[in-house]
Amino acid sequence: MKKSTNILINVVLFAVVVFLAIMVVRSIQAPIKFNNEKKAREVQVIQRLLDIRAAELQYKQAYNHYTSNFDTLINFCANGEIPIINIIPDPNDTTFTLTINDTLGYVKVMDSLFKNHENFNVNELRYVPFSNNVEFELADSIIKRSGISVPVFEAKAPYSVYLNGMDEQRVKNAIAEQEDIDKYAGLKVGSLEEASTEGNWEKL
């Protein structure tokens, strides 16, 4: 009877040890898994922000300002055209500083910006990946720099949107970490405070 009791105790202790070992492994793997998934999602969000930036820069070149309206931006990408300009020196300029801009033709914005994007759907430009079709926050403005009016834009997506469905507490922790150091808790490109079209991931 004593032997049977000892065997039972040993089995229980072994089960407890195995359980604790599993819990330790999970506690180690959980943050690694979270960070890997976060980085994988951010790759796609960054690519979408880069596409928005490319479209905004082309839009500004055409109209001298940015837009905060995705319908306008997407329509421009789908139907707009970019002039092909040949720049040559002015033969009548003896200072060699003047040029002549000769428009050779036009190319579709889609062909210019997104021709290398496989299966690209311009109508998805507005949506944050992994968000169940939540739109990027898009804004434009005019700021003054040295007395000059400068057009600016900003597109952004918070952690709470593109980390949707992941470990809720770890998402909250990631947000708190960024807020504690006065940083935006998410990914963004451009700025409404300065004349910059950089992404916040490019400033790290």
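The values are calculated or read from the model by the stated rules, or taken from the named source; none is laboratory data. Keep in mind that what you see is a predicted model, and the values were worked out from it rather than measured. Positions of Cβ are generated from backbone atoms using ideal geometry, with glycine treated the same way; all protein chains shown enter the neighbour counts.
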inquiry  = For segment 139-173, which positions are over 22 Å from GLN44 (Cα atoms) and touching a residue at least 40 places away in the same chain (Cβ under 8 Å)?
reply    = ASP140, SER141, ILE142, ILE143, ARG145, VAL150, PRO151, VAL152
task = With a cut-off of at least 3 residues that are within 14 Å of the chain's Cα centre (by Cα), name the strands (runs of 3 or more DSSP E) lying wholly within segment 130-204.
result = 148-158, 186-190
ask   = Among GLY147, GLY199, which is surrounded by 12 or more Cβ atoms within 10 Å (Cβ to Cβ) and among the small types (Gly, Ala, Ser)?
value = GLY199
inquiry  = Exactly one of these conditions fails for ASN35: (1) loosely packed, with under 15 Cβ neighbours inside 10 Å; (2) among the polar types (S, T, N, Q); (3) touching a residue at least 24 places away in the same chain (Cβ under 8 Å). Give me its number.
reply    = (3)
key: Number of positions in segment 150-182 that are over 15 Å from ASN200 (Cα atoms), of a type in the set (Gly, Ala, Ser) and crowded, with 16+ Cβ neighbours inside 10 Å   = 2
inquiry  = Six or more apart or on different chains, Cβ atoms under 6 Å: show the pairs whose first residue is in segment 55-72 and of a type in the set (Gly, Ala, Ser) and whose second is modelled with pLDDT of 95 or more and part of a helix (DSSP H, G or I).
reply    = ALA55/LEU73
